[in-house]
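Inspection log for the structure reproduced underneath, given as structure tokens.
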Amino acid sequence: MKFRRKAELIFWMVTLSALPAWANNPPQPDGLFSLILIFPVAIFGYRLAGVAYTERQRKWRVARGLALGLAVLISAAGTGIAAIPLLLMLIYGCLRGVQIILRGQGPKRVLIGAAVCLWTLFAISDYLVSLNIRSPVAVHESSTISRLRFLAQAEDTYASNSALKKYATLEQLRDARMPLQGFAGGSNGDSGAYDSYLHGAVVSGYRYRLTVDASGGKFLITAVPADYVAEVAALRIPGASWLHALRQRHAQDNVGRRSFAVDESGVIRAADLGTTRPVTREEAGKWPPLQ
Amino acid sequence: MRNFTGRNSDLLLAVGLVGVAIYAGCNVFPQVRFDRERIEIWAAPQQIQVSGLYHYSNPSFLPALLSLGLPFPVDAQHPRPSTYSIATATEDGRIVAPIHSSERGSEVRFCVPLLPREEKWVRVDYVQRANVPSGTYILVTTREWRRPLRHGDYILHLGSGLELASTNYRPDAMVAGRLKTYSFAKTDFYPGEDWTFAWGEPARASSAGGEK
């Protein structure tokens with residue numbers, strides 16, 4: 001068997017086996033869109049600069065087209081496996097740009113060749129950025145649910161231990177050194193967190209508020225996002241991932257979507273208010289339980 | 001022999017690559033060990049909140065890619081949770097980085113890459129609606145790892161005013177307050193059944209019965 005056949009066999013084996021395993025982190029649509037545009041940009045660049053295809057280029061064009069098509073397909077899988085096709089497309093795009101500069105006609109060939117090279121670099125960087133766009137909202141929500149639970153647990157423990165069986169304010173919980181615990185007593189939210197809650201600091205994207213009624217028999221803990229962020233729509237226009245990453249660079253730590261509340265029943269409720277604002281007990285009571 | 005290997009080297013290579021692919025991608029021969037877990041459950045009226053910490057180690061000198069499913073105990077009274085999160089975590093449960101998951105039908109799947117000799121804690125949180133005052137935590141999937149858990153901690157917190165009505169695993173300890181906490185720990189644990197528990201209002205709940 002010829003070397004070429006062996007190489008083809010290895011290529012297909014690796015591709016077919018690895019794709020299902022790694023395809024759990026696909027790029028945003030705009031990343032793939034940018035990548036695919038490398039080819040028409042290079043072809044139009046060739047035409048505009050008046051570059052003629054060589055005999056060798058004509059001979060290999062079908063094989064090259066298949067290989068590059070496969071590269072695009074593999075890059076749709078995302079993480080890890082995309083490194084090889086990305087390299088292929090980088091070489092293709094830059095090579096085309098250089099060929100336009102060297103073999104093109106007219107003074108604009110340098111500009112056109114540089115544009116093809118720049119587009120290639122932009123498309124690949126956009127693809128890489130699009131792989132890493134992860135909304136922190138889910139993590140913030142998860143942390144917030146845990147924190148609400150620990151606070152509610154601290155309230156229950158405080159009320160159980162106090163002579164009057166009353167719930168406590170945040171100051172009283174802090175002064176009583178009520179632990180915020182999880183996982184078999186392991187600290188999962190240190191007691192210093194009380195100060196953050198008291199001072200309205202943003203903790204994992206949320207601000208907390210604890211209110212106890214006059215009788216001390218009821219409490220409500222709310223967590224509302226510091227900065228409300230709507231669900232990120234799929235990024236479809238080339239460059240959208242870059243733009244999104246630049247916009248979100250400083251805001252990632254403060255974002256959340258749903259508001260949460262827990263009262264003495266221990267039931268955690270949630271609602272997407274579409275904004276960030278204080279919540280009353282009556283309002284939170286109408287929210288559906290989290291499920 | 002030389003002729004055979006020479007002529008069929010491509011076939012040998014193909015078979016070898018299939019073996020590598022199966023080893024690395026399909027988890028048919030799990031070199032990764034699942035050896036510890038800590039499960040903490042909060043039961044409130046019509047709601048179960050679950051936090052699980054799972055420890056995986058890769059004693060092999062090869063990297064491994066774990067492809068895992070997240071099994072939810074779903075029945076007519078306990079719908080599939082719509083709020084869940086998966087993340088790598090520290091031993092005490094602090095989230096390190098989120099893990100991207102994908103849904104295939106009703107199944108949630110996620111991947112955990114492990115370098116040679118690497119260990120990882122994975123934290124899973126979910127909230128489930130309970131239309132009846134009972135819940136289940138799936139334990140028997142541990143058997144798919146074909147070796148017992150070295151250690152497992154299981155904790156159940158019952159919300160204010162709730163009493164434990166039944167549990168099929170006898171609690172080792174109970175902390176009573178407004179919030180009651182029941183826990184049990186297991187070593188070399190090869191669970192034969194899932195953990196089911198039920199709670200009720202003080203008047204309705206009988207003393208913890210049905211325990212084994």
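The values are calculated or read from the model by the stated rules, or taken from the named source; none is laboratory data. These numbers were taken from a predicted model, which means no experiment stands behind them. Methodologically, a virtual Cβ is constructed for each residue, glycine included, from the backbone with ideal geometry; neighbour enumeration extends over all protein chains shown.
Screening residue B:131 against (1) within 11 Å of another protein chain (Cβ to nearest Cβ); (2) closer than 21 Å to residue B:184 by Cα leaves a single unmet condition, (2). Residue count for region A:147-168 under the criterion of being hydroxyl-bearing (Ser, Thr, Tyr), part of a helix (DSSP H, G or I) and at pLDDT 85 or above: the result is 1. The single condition among (1) of a type in the set (Val, Ile, Thr); (2) within 13 Å of chain B (Cβ to nearest Cβ); (3) surrounded by fewer than 21 Cβ atoms within 10 Å (Cβ to Cβ) that residue A:144 does not meet is (3).
Here is a yes/no grid of residues against (1) over 16 Å from the mean Cα position of the chain (by Cα); (2) among the aliphatic types (A, V, I, L, M):
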position	(1), (2)
B:45	yes, no
B:50	no, yes
B:57	no, no
B:67	no, no
B:88	no, no
B:95	yes, yes
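Where strands (runs of 3 or more DSSP E) sit wholly within region B:36-90, those with at least 3 residues that are farther than 17 Å from residue B:125 by Cβ occupy B:64-70. In this structure, residue B:150 does satisfy being surrounded by fewer than 19 Cβ atoms within 10 Å (Cβ to Cβ), at pLDDT 90 or above and of a type in the set (Lys, Arg). Can you confirm whether region B:101-109 contains a residue that is more than 10 Å from every other protein chain (Cβ to nearest Cβ), free of Cβ contacts under 8 Å to residues at least 60 places away in the same chain, under 16 Å from the mean Cα position of the chain (by Cα) and buried (at least 19 other Cβ atoms within 10 Å of the Cβ)? Yes, region B:101-109 has at least one match. Within region B:172-190, the set of residues being surrounded by 18 or more Cβ atoms within 10 Å (Cβ to Cβ) and either part of a loop (DSSP other than H, G, I, E, B) or at pLDDT below 90 (or both) comprises B:178, B:179, B:180, B:181.
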